[in-house]
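The values are calculated or read from the model by the stated rules, or taken from the named source; none is laboratory data. Values in this document were obtained by computation on a predicted structure and should not be read as measured data. Here the Cβ positions follow ideal geometry from the backbone for every residue, glycine too, while neighbour counts run over all protein chains shown. The area values use the complete protein model at the heavy-atom level, side chains included, leaving out ligands, DNA and RNA. Shrake-Rupley method; radii C 1.70, N 1.55, O 1.52, S 1.80 Å.
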Amino acid sequence: MCGIVGYIGDRNTQSVLIEGLKKLEYRGYDSAGVAIYTEEGLEVKKAKGRLSILEGELSNRPLVGSIGIGHTRWATHGEPSDVNSHPHIDNSSKFSVVHNGIIENYIELKEQLSAKGHRFVSETDTEVIAHLIADVYDGDIVKAVQTAVKSMRGAFALGVLTEYEPDRLVAVRQASPLIIGIGENENFIGSDIPAILEYTRNVYILNDGEMALLTKDAIQLMTLEGNFITKEVFRVDWDIVTAEKAGFDHFMLKEIYEQPKAYRDTMGSRISEDANEVVLPELNLTAEQLMNVTNIHIVACGTAYHAGLVGKHVIEKLTRIPVDVDVASEYRYRAPIILPSTLVIVVSQSGETADTLAALREAKRNGAHVLAITNVVGSSVAREADDVIVTWAGPEIAVASTKAYTSQLIAFFLFGVFYAQTLGKTDATEVATVIEDLQQLSSQVEQMLHQSARIKTYAEEISAHDHLFFIGRGLDYAVALEGSLKLKEISYIHSEAYPAGELKHGTLALIEPGIPVIALATQEELLEKTISNIKEVKARGAKVLAIAMEGNAEIGKAVDEVFYIPRTRAVLSAALSVIPLQLLAYYASLARGNDVDKPRNLAKSVTVE
Ligand code: F6R
């Protein structure tokens with residue numbers, strides 16, 4: 001994890017770095033720091049805690065210069081502290097480094113360097129990089145970095161600055177994301193695009209094993225071995241305000257309200273003009289290949305994994321092709337049976353999650369075709385997969401994923417219908433009615449958002465509780481898992497999601513008078529069964545809120561409160577039933593006075609295993 005930024009040019013370097021780091025804080029916020037070459041030489045300022053602390057300290061004594069690097073940290077090696085913050089320097093204080101990733105062999109390197117007289121002050125893996133570079137430096141920083149990285153194992157995106165060559169900034173990418181921003185008489189580096197979007201829309205996206213030398217008026221791209229390369233300029237067409245809060249109190253709320261647009265954008269041109277077919281022209285997968293697929297593995301982490309669980313229901317229901325869903329951090333260690341006819345679908349908002357990327361590579365090594373569903377064009381997952389369905393949710397800043405999750409559901413719906421069409425599993429009339437229902441979803445979400453005040457009141461009530469349960473059957477269980485995760489991660493209320501029929505096998509012992517239970521009951525063919533389970537918890541004193549499909553008056557008699565979602569077909573219900581759960585988590589977190597957008601201990605993008 002961590003975010004890095006770098007600048008060379010005539011602007012106020014300190015402010016370019018701080019503004020860039022603000023856009024990257026979602027990647028980690030345990031500490032922040034900058035190194036700037038000033039009249040005094042290479043000066044480093046860093047501080048534990050949020051970026052605002054560093055900003056405050058810098059405002060008392062600004063660092064003035066025209067080249068610098070900055071970092072926002074999510075701690076891996078060494079606790080969050082001033083000394084463990086980046087940038088790290090060598091003993092001569094002439095070399096400074098910012099790093100995102102993990103150096104796996106840092107202990108071995110540290111021992112070798114210590115034996116040569118290097119003294120280390122931090123517990124980090126990154127500090128060894130500064131020492132390594134200093135150790136091999138012979139008047140050329142590019143060569144020194146190339147030599148140093150040869151002995152490093154692991155994942156690293158680096159920004160490197162030396163006092164000896166104050167007009168050269170070096171950037172390296174090896175298994176951690178890094179982009180180069182192209183300016184006029186100025187250039188930038190960043191962990192991702194929002195960090196530099198205020199200044200330029202033209203970027204180079206580095207691949208693993210590549211590096212760049214930035215001066216004020218030139219960028220030289222090369223491999224880590226020193227071979228010069230050329231690359232196409234990637235033109236970013238996002239609007240900068242898409243990455244801002246646009247009047248909402250929190251990014252999370254803004255992103256919840258952006259879902260109708262995200263649904264429409266993700267469907268976009270993927271539905272034929274006559275609304276009779278799903279078209280996915282971006283896929284390289286041929287109809288013949290799809291017809292030969294025998295089984296599917298969906299692999300992802302966290303919320304994206306929960307989207308995968310919905311994807312399984314959708315694909316199996318529409319195509320009858322068997323689907324397994326795996327948590328990415330487990331996948332490669334369970335020696336999954338991947339056949340040449342297995343289609344592997346990886347799901348990742350950021351496209352940079354280390355475990356998901358490793359699963360993708362494992363699948364490719366085994367000869368599977370990999371389809372990625374991701375929100376970030378140009379991300380590692382997007383570039384390494386054989387096929388990509390981009391979710392057009394726009395940048396997601398809040399740590400708790402909302403619009404990316406629901407856009408992933410839309411991507412699964414589209415893929416499921418497309419696949420069923422290809423296999424001839426649904427007739428044209430059926431496809432047209434599913435598409436009609438799909439197109440209704442965005443306005444149905446808008447309708448539900450108008451009722452957010454009811455959820456807010458309920459959230460304020462439950463915010464006083466320390467434990468609660470989510471129950472549901474089938475697709476409702478998949479959504480219950482996501483509702484529970486959302487609540488836990490931002491409100492810190494302990495909650496558990498259970499298949500409704502499973503409670504009596506142990507968990508019912510935890511139900512006591514007054515405990516809130518949220519029952520998802522949108523699947524009408526399972527409704528009677530779910531109502532029986534609701535009665536089981538009611539009989540033990542639970543207070544039940546049901547999320548049900550409009551028109552189901554019967555459920556109202558069994559529970560304390562009902563929130564109805566607009567009527568849609570069962571297989572699409574998750575795209576609606578999750579909305580009140582997102583709002584519930586948001587308002588419960590607010591009621592508890594938490595930092596909604598930046599929950600404790602978490603970071604937006606998990607680029608370490
Ligand atoms: C929870 C959340 C995480 C992510 C997970 C995977 O709200 O956002 O559980 O879903 O870390 O991240 P991506 O989708 O970027 O691979």
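Structure values in brief
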| quantity | calculated |
| --- | --- |
| At R0 = 22 Å, FRET efficiency that the Cβ-Cβ distance of Ile107 and Asn601 yields, to 0.05 | 0.30 |
| Difference of contour (0.36 nm per residue) and Cα-Cα distance, Asp466 to Gln289 | 58.7 nm |
| Theoretical gain in end-to-end length, Arg334 to Phe120 [0.36 nm per residue, Cα-Cα removed] | 73.2 nm |
| Relative compactness, the chain, computed as alpha-carbon Rg over 2.2 N^0.38 Å | 1.01 |
| Residues of type lysines that Lys535 reaches as a straight line, Cα spacing below 26 Å, ignoring anything fewer than 8 places off in the same chain | Lys456, Lys486, Lys488, Lys504, Lys543, Lys557 |
| Sorted peptide list for 419-425, 65-71, criterion being average Cβ within 10 angstrom, highest first | 65-71, 419-425 |
| Spacing of the two label points (7 Å from each Cα toward its C-beta) at Glu163 and Lys364, in nm | 4.3 |
| 18 Å Cα-Cα reach of Lys425 towards lysines, excluding residues that sit fewer than 8 places from it in its own chain | Lys312, Lys317 |
| Average accessible area per residue (Å²) across the chain - probe 1.4 Å, nucleic acids and ligands excluded | 38 |
| Cα-based helix-to-principal-axis angle, 354-365 vs the chain, degrees rounded to 10 | 80 |
| Helix 527-538 vs. the chain, principal-axis angle (Cα, 0 to 90°, nearest 10) | 80 |
| Packing-based order for 400-410, 543-553, 15-25, using average beta carbon neighbours within 10 Å, highest first | 400-410, 15-25, 543-553 |
| Accessible surface of the chain [probe 1.4 Å, protein heavy atoms]: carbon and sulfur percent | 48 |
| Tilt relative to the chain, helix 452-462 - C-alpha long axis, 0 to 90 degrees, to 10 | 80 |
| Relative contact order [Cα under 8 Å, 6+ residues apart], the range 517-574, whole percent | 36 |
| Alpha carbon centroid spacing (whole Å) that separates the range 468-513 from the range 280-294 | 37 |
| Point-to-point label distance, Ser341-Leu449, nm (Cα→Cβ direction, 7 Å offset) | 4.5 |
| Mean-position separation - Cα centroids, the range 308-369 and the range 563-609, in angstrom | 24 |
| Spacing of the two label points (7 Å from each Cα toward its C-beta) at Asp10 and Asp237, in nm | 3.2 |
| R0 of 22 Å, Cβ-Cβ distance Asn91-Lys150: FRET efficiency to nearest 0.05 | 0.55 |
| Length-normalised contact order of the chain in % [C-alpha pairs under 8 Å, at least 6 apart] | 11 |
